[in-house]
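A short write-up of the structure that comes next.
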Amino acid sequence: MSPPPETRPRRHLLGEEARQEHDLRWMSLALAEAAAAGAEGEVPVGAVLVVGGEVAGVGRNATRAVADPSAHAELLALRAAAAKAGDWRVGGTLYVTLEPCAMCAGALVLGRVRCVVFGARDPKAGMVVSLGGLLTDPRLNHRCAVREGVLAEEASALLSRFFRERRPGSR
Ligand SMILES: [Zn+2]
């Protein structure tokens, strides 16, 4: 039996192998941002927003440094991309090492980000799959495609090490 004919235009399809390669490439960059945040004493989370195959914005958690509870990696990457484009409709694909929280998921919907790829799940604050599904809620006027688990072990290891080193009596 011959395979069924393609029902969608070819140009919209990225082969699985190529997609995995893109995911790894951009998530590695997000992971480097996360590591830099950790070195600065921040909870190590990093994000990269890619639009048209190019980096449109990067961010790393900076809540302590700027004393701002909204200074999450995703928001900083989103703001940078919007400012650069002069357009709040950012679109593109956001790579982030940790599952976005409610605030960030809300902002990603508002910014019309098309796809969100995250590494590790956040069972305590994640609002993509763990505590809710804000990015894929059919009641909202925009939804994001979601992929997860890219370099998840590396992202988790960064976080575990960060919190272990900060536990009283650990050194
Ligand atoms: Zn957040």
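The table for this structure:
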quantity: Pair list, Cβ < 8 Å and 6+ apart or interchain, from segment 123-137 residues that are more than 17 Å from residue 94 (Cβ to Cβ) to residues that are among the hydroxyl-bearing types (Ser, Thr, Tyr); calculated: 123/130; 124/130
quantity: Options 47, 82; residue that is within 12 Å of the ligand (Cβ to nearest atom) and not basic (Lys, Arg); calculated: 47
quantity: Candidate set: segment 50-79, residues that are within 14 Å of the ligand (Cβ to nearest atom) and of a type in the set (D, E, K, R); chosen: the one farthest from residue 151 (Cα to Cα); calculated: 68
quantity: Residue in segment 99-128 that is farthest from the chain's Cα centre (by Cα), counting only those that are away from the ligand (no atom under 14 Å from the Cβ) and of a type in the set (D, E, K, R); calculated: 112
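Only the coordinates and a few stated rules stand behind these numbers; no lab work does. Everything numeric in this text was worked out from a predicted model, so none of it was measured. Every residue, glycine as well, gets a Cβ built from its backbone with ideal geometry; the counts of neighbours run over all protein chains shown.
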